[in-house]
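The values are calculated or read from the model by the stated rules, or taken from the named source; none is laboratory data. Because the structure is a prediction, the values reported are computed rather than measured. Cβ sites come from the backbone with ideal geometry, for glycine too, and all protein chains shown count toward neighbours.
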Amino acid sequence: MLHKTQIFQVSTLYGAATLAAALDAGLFGPRDEARRILLVSNNAAIPETALRLDEMHGYERLADRFDSVVSWNEAISPHHPSTWGPRGNDTAMWQKAFRLAWGIDTRDLIEIAVESVQVNPARGLAAIFSESAIHVYADGLMSYGPTREKLPLTIACRIQRLLHLDLVPGMKPLLLSEYGVGPVIVPDEAFRRVLDQISQDAADDPQFAPVLTEEPTAVLLGQYLAAINILSPAEEEDLHVRMLTGAARAGHRSVVFKPHPTAPASYSAALSKAAADAGVRLTVLDAPLLAETLYHHCRPELVVGCFSTAMVTASAYYGVPIARVGTALVMERLKPYANSNRVPLAVVDHLVPDLERGQTPALVGAAPETLSPLVRAIGFCMQPKTYTELRESTATWLQSNLDGSPGYYFPELRLTELGLPGSRPGARAKLQVSRAKRVVRRAVRRGARKTRAEDRS
């Protein structure tokens, strides 16, 4: 009799919670029909100095759902998970090595569940276990955007489904749709139960006690956009101050700021000064826990962020009104146009009230009729070669809606590049100059490489 082993690759606690909810809902079959391995990958730039998944509150509760836990970083050491992938001729050797190391019988059938299958480590894992069925899960708003990279047919044909949270009811994910992959919703009630379990583990954390004492009514979410070169550190610091100022203007006098785990301490210092000036009690929660744990214990009246998925979960799973700050600035800074953060930004910008413009914080309900056509138009402009069937609908949408949409959704240069409505003669001239500059830069780089090679010889 053939046995089955299921390998679940995770890199974040939020992703692990999504998988745990899928398991609890029976989306991977009965518990006794397969051996389950949790494969943990730390994708931070310097994994040795970053917060590990097993250091976060709630990890043990999630890990109990699996028969064993394996570190991907240790398995491929000294390589980095984000950059390493097997060479084509070596995949059979790596599979044999991992089966041996992880105690998987050579006759066992294997299924894998991965995030971001278009890049490593998920792509490498899919290549190594080349006969396995693949399940992709998306733990946030990026499921609504296009697939970032074209997949090899040997991987694409094995993807069974896309598991995702129903963060914006009625909105269908674009991710992997070009391969005919159908989306499957992870039930809300299962995910909320998992979040509640995780939250219970943080109740006795000494770092959490000051937050409970201050009884904050507003939560500010940091994302550390400087780490991915979208904003400068000073601009992101100012973004956090703008969040606090907006919350204070809305009447909140006790505020908690949850920074990104890799944010510098200076962010908190700048916020402290701004809070003192505004007469607001500020508590900085730099503890290894999810933002959802804050919602569970503090029951805030407002959550403010830029475009964090944790904003939408506050609304969808905890009934907390939300507001945005800075989406226009970040959208204008995104490079290249195909940056995978563009659709999450557009979703938040379109649905969530702008705190700085005096709009009233609100819950995000079902997707309005205007959202899906907008997202698909942006998706086409991001990946026109992948979603060719969306060209006509995108052109039609632009003809009817471009004048009424923010300019940062569809820059003239991008529309000109694609020959879509909204391009202008001035933009065409800019495009020609931009292309000429790229040609010159490539020629200079080739010349420099040739010179260095001649010098070495």
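Couple of notes before you dig in:
- Restricting region 155-168 to residues that are more than 13 Å from Leu27 (Cβ to Cβ) and either at pLDDT below 95 or aliphatic (A, V, I, L, M) (or both), the residue that is surrounded by the fewest Cβ atoms within 10 Å (Cβ to Cβ) is Ile155.
- Filtered residues of region 327-350 (kept if within 18 Å of Val364 (Cα to Cα) and in contact with a strand residue (DSSP E or B) (Cβ under 9 Å, 6 or more places away or on another chain)): Thr327, Val348, Asp349
- Number of positions in region 373-394 that are crowded, with 20+ Cβ neighbours inside 10 Å and assigned to a helix (DSSP H, G or I): 11
- In region 395-423, residue surrounded by the fewest Cβ atoms within 10 Å (Cβ to Cβ) [restricted to those that are of a type in the set (Ser, Thr, Tyr) and out of contact with any Leu (no Cβ under 8 Å at 6 or more places or on another chain)]: Ser400
- The residues of region 312-325 that are more than 15 Å from Arg242 (Cβ to Cβ) and either assigned by TED's automatic domain parsing to the domain that holds Ala377 or among the aliphatic types (A, V, I, L, M) (or both), listed by number, are Val312, Ala314, Ala316, Val320, Ile322.
- Pairs, first surrounded by fewer than 17 Cβ atoms within 10 Å (Cβ to Cβ) in region 275-297, second part of a loop (DSSP other than H, G, I, E, B) and of a type in the set (A, V, I, L, M, F, W, C), C-beta under 8 Å, six or more apart: His297/Ala202; His297/Ala203; His297/Phe208
- Applying the condition of being without any contact (Cβ under 8 Å) to a residue 40 or more places away in the chain and surrounded by 13 or more Cβ atoms within 10 Å (Cβ to Cβ) to region 97-122 and asking which residue is farthest from Pro146 (Cα to Cα) yields Gly103.
- Filter pass, Ala50 being in contact (Cβ under 8 Å) with a residue 40 or more places away in the chain and crowded, with 21+ Cβ neighbours inside 10 Å: no
- For region 399-419, the set of residues classified as more than 18 Å from Asp349 (Cα to Cα) and part of a helix (DSSP H, G or I) consists of Gln399, Ser400, Glu412, Leu413, Arg414, Leu415, Thr416, Glu417, Leu418, listed by residue number.
- Qualifying residue in region 97-115 (condition: closer than 17 Å to Gln383 by Cβ and in contact with an Asp or Glu (Cβ under 7 Å, 6 or more places away or on another chain)): no
- Residues satisfying the stated conditions in region 292-329, i.e. outside any loop (DSSP other than H, G, I, E, B) and among the acidic types (Asp, Glu): Glu292
- Looking across Val348, Val364, one residue alone is assigned to a loop (DSSP other than H, G, I, E, B), buried (at least 17 other Cβ atoms within 10 Å of the Cβ) and of a type in the set (Val, Ile, Thr). It is Val364.
- Ala328 buried (at least 22 other Cβ atoms within 10 Å of the Cβ) and not assigned by TED's automatic domain parsing to the domain that holds Tyr409: no
- Some residue of region 259-267 being β-branched (Val, Ile, Thr), at pLDDT below 90, in a loop (DSSP other than H, G, I, E, B) and surrounded by fewer than 17 Cβ atoms within 10 Å (Cβ to Cβ): yes
- Residues (over 19 Å from Leu53 (Cα atoms) and not β-branched (Val, Ile, Thr)) located in region 205-221: Pro206, Ala209, Pro210, Leu212, Glu214, Glu215, Pro216, Ala218, Leu220, Leu221
- Close Cβ contacts (under 7 Å, 6 or more residues apart or on different chains) running from residues in region 390-412 that are over 12 Å from Gly422 (Cβ atoms) to residues that are surrounded by fewer than 15 Cβ atoms within 10 Å (Cβ to Cβ) and not hydroxyl-bearing (Ser, Thr, Tyr) comprise Tyr408/Glu332.
- Qualifying residue in region 80-89 (condition: surrounded by fewer than 19 Cβ atoms within 10 Å (Cβ to Cβ) and of a type in the set (Phe, Trp, Tyr)): yes
- Subset of region 213-239 (residues that are in contact with a His (Cβ under 7 Å, 6 or more places away or on another chain) and among the hydrophobic types (A, V, I, L, M, F, W, C)): Ala218, Leu220
- Taken over region 1-56, the residue count meeting the criterion of being assigned to a loop (DSSP other than H, G, I, E, B) and either over 20 Å from Asn120 (Cβ atoms) or outside the structural domain of Trp102 (by TED's automatic domain parsing) (or both) is 12.
- Counting only helices (runs of 4 or more DSSP H) that sit wholly inside region 149-248, those with at least 1 residues that are in contact (Cβ under 8 Å) with a residue 60 or more places away in the chain are 188-200, 209-214.
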